[in-house]
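Beneath this line is the structure, given in structure tokens, with notes to follow.
Laboratory data are not the source of any read-out in this text; all were calculated from the coordinates shown. Source: prediction; values computed, not measured. For neighbour counting, all protein chains shown are included, and Cβ atoms are generated from backbone atoms with ideal geometry for every residue, glycine included.
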Amino acid sequence: MTERRIVALDATPGPLEVDLAATAVLVVDMQNDFGAAGGMFDLAGIDISVVRRAIAPTASVLAAARAARIPVIYVKEELRPDLSDTGAEGSPHWRMCQRMRVGSEITAPDGRPSRIHVAGTWNTEILPELAPEAGDLVVSKRRWSAFYGTDLAAQLRARGIRYLVVTGCTTSLCIESTIRDAAMRDYLCVLPVDCTGQPARSGSSYSGHEESLRIIERSFGWLSCSEHVARAFAGRQPATMPCSRRG
């Protein structure tokens with residue numbers, strides 16, 4: 001049996017004891033399509049600055065996780081080249097694919113031919129600032145939740161994981177969907193609020209970010225921030241400063 005490594009994490013709605021020996025970090029959808037110039041969001045005129053702001057805090061969590069020998073699991077959203085997995089015509093995911101021009105051929109910023117949201121292309125590569133390292137796991141998904149149609153749950157069971165630190169984008173879609181599905185499977189989820197974010201809708205200041213934080217905090221997990229998580233991973237005492245909810 002793996003020896004437990006219990007640490008205190010400053011979080012809301014209340015402090016949480018976390019067993020680092022049963023913890024993994026998820027990095028959800030931090031890929032070129034969402035956070036790089038020339039990716040799907042950028043080409044659609046969506047402000048990617050919110051996603052870009054989450055890169056540095058996420059990198060600090062990953063560094064702390066690796067130093068503490070905590071597994072890092074990347075989850076990226078990508079579709080087959082024949083687009084056979086976009087969903088039934090008229091379904092919510094199918095409509096999103098039409099709106100975002102999924103499958104369209106483009107030229108990547110580095111000059112390579114690429115396609116929007118298609119596996120094996122520049123568009124679906126992990127952002128270089130957060131590139132996976134040796135020993136990290138990469139899981140592909142076809143829908144918003146990291147659990148739907150993937151082997152993520154099996155991978156977590158094989159590693160004895162009970163606690164998930166979830167990072168990535170966007171707050172009200174892939175992050176909330178993933179945390180909801182994790183909660184249905186009895187995982188204890190922590191969302192560092194500075195490691196996620198959601199762009200506002202076109203022509204509006206509304207993004208849904210804050211509403212999703214409230215839903216997660218009330219029903220599905222805990223909120224914290226990169227500094228508090230990194231301190232916990234290092235076995236240090238919780239910080240006294242509260243976390244910002246910016247995103």
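Taking every Cα atom in the chain, find the radius of gyration and the maximum pairwise distance Dmax, and write them in Å.
17.5, 54
Taking 0.36 nm per residue of sequence separation and subtracting the Cα-Cα distance, how much length would be gained by fully extending the chain between ARG99 and ALA131, in nm to one decimal? Don't skip to the end; give the middle numbers.
Working: separation 32, 0.36 × 32 = 11.52 nm, distance 2.82 nm.
Separation in residues times 0.36 nm, less the Cα-Cα distance, equals 8.7 nm.
With springs only between Cα atoms under 10 Å apart, run a GNM on the chain and tell me which of CYS189, CYS174, CYS97 wobbles the most.
Result: CYS97 has the largest fluctuation of those listed.
Apply the membrane-span-like helix rule to the chain: whole DSSP H runs, Cα extent along the own long axis of at least 15 Å, mean Kyte-Doolittle hydropathy at least 0.0. List the helices found.
Values: long enough: 55-67 (18 Å, 1.21).
Taking the DSSP H segments of the chain (at least 15 Å long, mean hydropathy at least 0.0), we get 55-67.
Please give the peptides 100-108, 69-77, 83-91 ranked by average Cβ packing (other Cβ atoms within 10 Å per residue), highest first, as a rough proxy for protection. It would help to have the intermediate numbers written out before the result.
Working: 100-108: 15.7, 69-77: 20.4, 83-91: 12.2.
So the peptides 100-108, 69-77, 83-91, ranked by packing, come out 69-77, 100-108, 83-91.
Would you compute, from DSSP H runs of 4+ residues alone, the mean residue ellipticity of the chain at 222 nm, taking -39500 (n - 2.57) per run and dividing by the full residue count, rounded to the nearest 500? Could you put the intermediate results ahead of the total?
Details: 9 runs with 65 residues, N = 247.
Only helices count here, giving -6500 deg cm²/dmol.
Tally Lys/Arg at +1 and Asp/Glu at -1 over every other residue whose Cβ is under 12 Å from the Cβ of SER114; what's the total?
Working: positive: ARG112, ARG115; negative: ASP33, GLU78, GLU105, ASP110, GLU125.
Spelling it out: positives minus negatives among the neighbours equals -3.
Arrange the peptides 111-118, 166-173 so that the one whose residues have, on average, the most other Cβ atoms within 10 Å appears first. It would help to have the intermediate numbers written out before the result.
Values: 111-118: 17.4, 166-173: 25.0.
Top of the packing list down: 166-173, 111-118.
Can you give the local net charge around ARG66? Use residues other than it whose beta-carbon is closer than 14 angstrom to its beta-carbon, Lys and Arg +1, Asp and Glu -1. Mind showing how you got there, number by number?
Working: positive: ARG69; negative: GLU133, ASP136.
With Lys, Arg at +1 and Asp, Glu at -1, the neighbours total -1.
To the nearest 20 debye, what charge dipole does the range 1-75 have about its Cα centre, counting +1 at the Cβ of each Lys and Arg and -1 at the Cβ of each Asp and Glu?
Working: 6 positive and 8 negative charges, 54 e Å.
In debye, rounded to 20, the range 1-75 gives about 260.
Of GLU176, GLU78, GLU210, which is the most mobile in a GNM of the chain whose springs link Cα atoms less than 10 angstrom apart?
GLU210
Mind checking the dipole of the chain: about its Cα centre, +1 per Lys or Arg Cβ, -1 per Asp or Glu Cβ, Debye to the nearest 20?
Working: 28 positive and 28 negative charges, 66 e Å.
Computed charge dipole of the chain: roughly 320 debye.
With the Cα gyration tensor of the range 125-247 giving a ≥ b ≥ c as the square roots of its eigenvalues, does the rule (a/c under 1.5 for rounded; else a/b larger than b/c for prolate; else oblate) give rounded, prolate or oblate? Walk me through the numbers before you get to the answer.
Working: a/c = 1.40, a/b = 1.10, b/c = 1.27.
In terms of gyration-tensor shape, rounded.
So in the chain, which Cys have no other cysteine's beta-carbon sitting under 4.7 angstrom from theirs?
Result for the chain is CYS97, CYS169, CYS174, CYS189, CYS195, no neighbouring Cys Cβ within the cutoff.
On a C-alpha basis, how far is the centre of the range 129-194 from the centre of the range 1-57 in Å? Whole number, if you could?
9
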